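Below is one structure, written out as structure tokens; the observations come after it.
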Amino acid sequence: MTGGGRESEGGEEEVRGARRIPGPRGAADDLDLASVPLPPLPPPGGTAPDEAVPEQSQPASASGDAPETPESDAGEPEPDPGPGPAAEAWPEAGPGPEAEPADGHPRPAAPEWDPTAPAAEAWPDPDREPGPADGTPEPHAPDPLVSSAPVVLPHQVLKALLGAWALSACSAEETAAVEDHLTGCAPCADEALRLRDAVGLLHTDGSLDLDPTLRTRVLDGCFGRRPARIPVPEWAAPYDAETARLDALLRDIGDSEWHAPVRLQWFEEERQVSRRTTVAGVIGHLMAVDGLLSAALGLDDPLDDGKTPLDPTERTETYWSATRRPPTRAVREPWRAQSHELIRTASFAGRNVAETSVSYGAFALPLQDAALDRAFECWIHGGDIADAVDYPYPAPSAAHLHRMIDLAARMLPAALAGRRSAGLAGPAKDLVAAGAPGRSLHLEIEGHGGGDWYIALDSPAAVGAPERAVAQVALDGVEFCRLVAGHISPVEAAAGQEGDREAIRDVLFAAASLSRL
């Protein structure tokens with residue numbers, strides 16, 4: 001078949017009264033169909049005559065009578081078919097696209113679907129405006145001009161937008177205006193950088209816990225820019241750092257946590273003992289023993305009533321028994337004031353007081369070692385408090401921990417000799433002159449603050465030497481300090497042993513015997 005699929009016997013196209021599929025249209029409320037002209041109906045085939053195409057249908061009559069099929073020859077004018085099936089193809093919501101306009105002039109019919117046309121052109125676009133009647137395409141309307149010039153805003157408005165700009169909450173025009181303004185306004189540029197850095201802190205994924213080295217780094221930075229007029233002596237730096245760390249912990253806990261139970265542990269002879277107290281009681285214990293350093297520097301001793309003993313344990317018992325009511329957080333202020341006064345006095349005195357003797361009753365230490373001993377005990381008891389209140393409390397810095405381990409290693413020969421005198425250690429096997437190398441144990445401290453020490457075994461006056469080593473013990477730095485503090489037993493502390501078994505046992509128990517309340 002040709003001619004669009006419809007061909008009459010006489011070779012002429014019959015279009016009158018033909019049904020057609022209507023295209024999509026909008027609602028009657030949205031489109032005034034009477035004012036929209038329809039495009040002319042193109043000839044469906046190449047053999048159609050150049051004659052006027054009669055109307056397809058007329059508006060349906062009110063009576064709704066069925067149309068009569070006209071009988072006429074091809075090529076003759078056809079009578080008005082009246083309302084027919086074509087009118088019924090449109091809904092009765094309003095006048096269809098082929099309705100008679102008000103002026104009485106017929107409107108050209110809408111185009112039909114053409115099966116031979118491309119897919120994009122098979123159905124006409126109902127929203128497209130019809131072109132001129134002669135088929136000449138309409139000239140394309142020029143696109144509206146879009147200005148690319150940035151938005152011009154006053155300075156105060158741009159300054160107020162800096163916060164939204166830092167949060168990436170501005171529109172594209174505002175962002176362009178702000179960034180163009182920042183290239184020429186230095187104050188706003190500085191403020192924008194600060195706001196952008198602040199926004200970065202809002203989205204951090206890191207931990208909110210303070211870095212334990214923050215205080216040291218801040219102080220180093222401050223001293224690097226303006227050194228202290230009276231610097232803290234190097235030997236007093238560990239005590240200064242540990243008292244500050246403990247004070248930061250005490251500031252963070254609540255009033256009720258000052259009464260949290262704390263168990264203090266240490267070794268006596270061959271067994272581990274303990275004492276139960278509170279957080280406030282621990283701070284009172286530290287203040288009572290720190291009074292020994294205050295007395296050596298000529299400062300006021302908090303327990304100085306003329307009968308105060310020198311032994312640290314007895315001083316602590318005296319302080320606890322003299323307290324009429326359980327100590328509270330009020331003990332923090334006098335303890336912190338005492339530690340500040342010790343550091344300040346040692347700083348002003350300089351090197352002249354480093355060798356001042358501090359008596360502990362049964363033994364004595366130079367002030368520089370006594371300050372290191374107080375730093376060690378402050379850290380250990382700070383850990384006891386942190387365990388009681390569930391608070392993170394890391395180990396000291398590597399440099400300070402190394403100095404604490406060194407102090408304990410230097411005290412081991414005397415502690416071993418004391419245990420031997422009490423019959424708690426094996427006899428000496430090779431006595432040598434003072435200052436001469438003797439039998440030694442190689443103490444290898446691994447990890448944080450580690451190093452190598454050689455402990456003289458037979459005489460406290462002998463010198464430990466690698467060539468006279470008869471045994472070796474390897475320990476972690478923090479574990480060794482916990483052993484010295486009496487928090488773990490000698491059997492649990494040994495991580496690696498080699499050589500003389502008796503020497504190893506004597507040294508480990510001597511390290512535990514350094515602990516006290």
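The values are calculated or read from the model by the stated rules, or taken from the named source; none is laboratory data. Owing to the predicted nature of the structure, the values given are computational and were not obtained by experimental measurement. For neighbour counting, all protein chains shown are included, and Cβ atoms are generated from backbone atoms with ideal geometry for every residue, glycine included. Protein only, heavy atoms only, side chains kept; ligands, DNA and RNA dropped before computing areas. Shrake-Rupley method; radii C 1.70, N 1.55, O 1.52, S 1.80 Å.
Only one of (1) over 31 Å from the mean Cα position of the chain (by Cα); (2) open to solvent by 60 Å² or more (accessible area, probe 1.4 Å); (3) touching a residue at least 24 places away in the same chain (Cβ under 8 Å) fails for ALA237. Which number is that? With (1) over 31 Å from the mean Cα position of the chain (by Cα); (2) open to solvent by 60 Å² or more (accessible area, probe 1.4 Å); (3) touching a residue at least 24 places away in the same chain (Cβ under 8 Å) applied to ALA237, the lone miss is (2). Residue check: ALA244 meets all listed conditions (1) open to solvent by 20 Å² or more (accessible area, probe 1.4 Å); (2) under 28 Å from GLY449 (Cα atoms); (3) within 27 Å of the chain's Cα centre (by Cα) but one, namely (1).
A single entry from VAL491, VAL463 fulfils the requirement of being of a type in the set (Val, Ile, Thr) and either touching a Pro at 6+ places or on another chain (Cβ under 6 Å) or under 28 Å from VAL289 (Cβ atoms) (or both): VAL463. When residues of region 457-496 are filtered for being open to solvent by less than 30 Å² (accessible area, probe 1.4 Å), modelled with pLDDT under 90 and not in a loop (DSSP other than H, G, I, E, B), how many remain? Total satisfying the criteria: 2.
The single residue among ALA362, ALA371, ALA346, ALA330 that is out of contact with any helix residue (DSSP H, G or I) (no Cβ under 6 Å at 6 or more places or on another chain) and assigned to a helix (DSSP H, G or I) turns out to be ALA330.
Residue-level check: of (1) in contact (Cβ under 8 Å) with a residue 60 or more places away in the chain; (2) open to solvent by less than 20 Å² (accessible area, probe 1.4 Å); (3) closer than 25 Å to SER274 by Cβ, THR328 misses just (2).
Considering region 383-433, and only residues there that are more than 30 Å from LEU249 (Cβ to Cβ) and in contact with a Pro (Cβ under 8 Å, 6 or more places away or on another chain), the residue that is surrounded by the most Cβ atoms within 10 Å (Cβ to Cβ) turns out to be LEU416. Could you tell me whether region 296-309 includes any residue that is of a type in the set (Val, Ile, Thr) and over 30 Å from ALA398 (Cβ atoms)? Within region 296-309 (the criterion being of a type in the set (Val, Ile, Thr) and over 30 Å from ALA398 (Cβ atoms)), the answer is yes, since at least one residue qualifies.
Got at least one residue in region 296-305 being in a helix (DSSP H, G or I) and at pLDDT 90 or above?
The answer is yes, given that some residue of region 296-305 is in a helix (DSSP H, G or I) and at pLDDT 90 or above.
ARG439 meets all of the listed conditions (1) within 19 Å of SER339 (Cβ to Cβ); (2) more than 48 Å from the chain's Cα centre (by Cα) but one, namely (1).
Each row is one residue, and each column tells you yes or no for (1) surrounded by fewer than 18 Cβ atoms within 10 Å (Cβ to Cβ); (2) touching a Ser or Thr at 6+ places or on another chain (Cβ under 9 Å); (3) part of a helix (DSSP H, G or I); (4) modelled with pLDDT of 90 or more.
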site	(1), (2), (3), (4)
ALA248	yes, no, yes, yes
GLU257	no, no, yes, yes
VAL262	no, yes, no, yes
PHE267	no, yes, no, yes
GLN272	yes, yes, no, no
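The conditions of being more than 25 Å from HIS285 (Cβ to Cβ), without any contact (Cβ under 8 Å) to a residue 24 or more places away in the chain and in a loop (DSSP other than H, G, I, E, B) are met by GLY423. Checking ALA296, ALA322 one by one, the residue that is touching a helix residue (DSSP H, G or I) at 6+ places or on another chain (Cβ under 8 Å) and either free of Cβ contacts under 8 Å to residues at least 40 places away in the same chain or open to solvent by less than 50 Å² (accessible area, probe 1.4 Å) (or both) is ALA296 and no other. It is to be established whether one or more residues within region 435-456 are of a type in the set (D, E, K, R), open to solvent by 60 Å² or more (accessible area, probe 1.4 Å) and over 28 Å from ALA398 (Cβ atoms). No, region 435-456 contains no residue that is of a type in the set (D, E, K, R), open to solvent by 60 Å² or more (accessible area, probe 1.4 Å) and over 28 Å from ALA398 (Cβ atoms).
Name the single residue that is most open to solvent (accessible area, probe 1.4 Å) among those in region 162-176 being free of Cβ contacts under 8 Å to residues at least 24 places away in the same chain and over 27 Å from the mean Cα position of the chain (by Cα). Only one residue tops the list, namely GLU173. Criterion applied to GLY486, GLY499 was being free of Cβ contacts under 8 Å to residues at least 60 places away in the same chain and within 50 Å of the chain's Cα centre (by Cα), and the one residue passing it is GLY499. Selection within region 336-382: residues that are of a type in the set (Lys, Arg) and under 43 Å from the mean Cα position of the chain (by Cα). The member of this set that is most open to solvent (accessible area, probe 1.4 Å) is ARG344.
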